[in-house]
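A short worksheet on the structure shown next.
The values are calculated or read from the model by the stated rules, or taken from the named source; none is laboratory data. Everything numeric in this text was worked out from a predicted model, so none of it was measured. Note that we place each Cβ from the backbone using ideal geometry, even for glycine, and neighbour counts take in every protein chain shown.
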Amino acid sequence: MARLEILDPTVEPRKQPLTYVARPDSLQGKRIGLIENTKFNSDRLLLRIGEILKQDYGAAEISRRSSERLSGSAAGPGPESKPPPRMFEDAPPCSTCGSIMIRNGSCYKCLNCGSTSGCS
C-alpha cells in the first residue's frame, strides 16, 4: 500500500515590531507630495485635496505625481520610456455594464462588453 505524506507549507508569521514616524503637529508651511494612482478622476480628486490642504491647513506647496511616471526600474525609466497614454481621462461609464469606456475615434468603446457610445 502506498503511503501518502501531507506537507503543510504554512509557517508561523514572524513578529516584527512596528515603528511609526512621528506626525507633524500641523501642515502649516509644509511641502506635500500626492501620488495619483491613475484611476478615473483621481487626478481631479488629488487636485481638490491639494487645494484644501493649502487653503484650510496652510500647506506651502503641493507636488503631484502620477504612479505611471514613478514606476520603472530602480535606476529610473530609460530615455526612450514614455508614460502610457491616458485613454480614460474623459471617458464615461458604459451604459450597458458600467465599466469605463475608452476612446474609439470620436466616440467611446467598452472593452468589457463591446458596447459603443452610439457611433456607427
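For the stretch 72-81, does any single residue satisfy the condition of being assigned to a loop (DSSP other than H, G, I, E, B), over 24 Å from Gly114 (Cβ atoms), at pLDDT 80 or above and outside the structural domain of Gly118 (by TED's automatic domain parsing)? No - not one qualifying residue is present in the stretch 72-81. Among the candidates Leu4, Leu45, Leu34, the residue that is within 30 Å of Ile100 (Cβ to Cβ) and free of Cβ contacts under 8 Å to residues at least 24 places away in the same chain is uniquely Leu45.
Of everything in the stretch 13-39, what is surrounded by 10 or more Cβ atoms within 10 Å (Cβ to Cβ) and over 23 Å from Ser66 (Cα atoms)? Give them in sequence order. Ser26, Gln28, Gly29 - these are the residues of the stretch 13-39 that are surrounded by 10 or more Cβ atoms within 10 Å (Cβ to Cβ) and over 23 Å from Ser66 (Cα atoms). I'm checking my understanding of the structure. Among residues of the stretch 94-120 that are assigned to a strand (DSSP E or B) and of a type in the set (Ser, Thr, Tyr), which one is surrounded by the most Cβ atoms within 10 Å (Cβ to Cβ)? Taking the candidates together, the pick is Tyr108.
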